Amino acid sequence: MRKRLTMQILTETPQDDGTVLESWATDGSVGSVWAEILPLRGDEFFEARKVDATVTHRVLTRHIGDFGVQKPKNHRFRNEDGTRFFHVLSVINPEERNIVTEFLCKEEV
């Protein structure tokens, strides 16, 4: 796990004209984490597509509490220099051992 990523959460702010302004802010409950970014290949890609047709990457971190209870689709990872973003589509606690958290993500291009 050699990549430093920041977990961000989508915030919505109502405006006076009735519209909603969407912006991304650091999720204080997670903050920055060390992670491994793994592009999906071959059979992994086809297996992940069963969850969501747009999954492109798997992001692995050390276990992050009860993240699955939250709305994962309102979260994304941002790399250190802000050039890559990975939108969280699904969260998995492999073997329910609380060792790592696996995020199935779609990279924003």
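Readers should treat all values here as calculations from the given coordinates under stated rules, not as data from a laboratory. Only a predicted model underlies this, so the values are computations on that prediction, with no experimental measurement involved. Here the Cβ is made from the backbone with ideal geometry for all residues, glycine too, and neighbour counts use every protein chain on show.
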Could you go through region 6-22 in sequence order and give the Karplus-derived ³J(HN,Hα) for each residue, using 6.51 cos²θ - 1.76 cosθ + 1.60 with θ = phi - 60°, rounded to whole Hz, and x for Gly and Pro? 10, 7, 10, 10, 6, 10, 10, 10, x, 9, 4, 7, x, 7, 10, 8, 9
Can you bin region 56-109 into rounded, prolate or oblate? Criterion: square roots of the alpha carbon gyration tensor eigenvalues sorted a ≥ b ≥ c, rounded for a/c under 1.5, prolate for a/b above b/c, oblate for the rest. prolate
Karplus-derived 3J(HN,Hα) from phi for region 71-79 (6.51 cos²θ - 1.76 cosθ + 1.60, θ = phi - 60°), whole Hz, x at Gly and Pro, runs 8, x, 6, 9, 10, 8, 9, 10, 6
Using a cut-off of under 17 Å, list every residue of region 1-27 whose amide N is near the label point 7 Å from the Cα of N74 along the Cα-to-beta-carbon line. 7-15, 20-27
What nm value, rounded to one decimal, do you get for the distance between R62 and E96 when each label is placed 7 Å out toward the C-beta? 2.4
I'd like the distance between the alpha-carbon centres of region 73-101 and region 4-33, rounded to an integer number of Å. 15
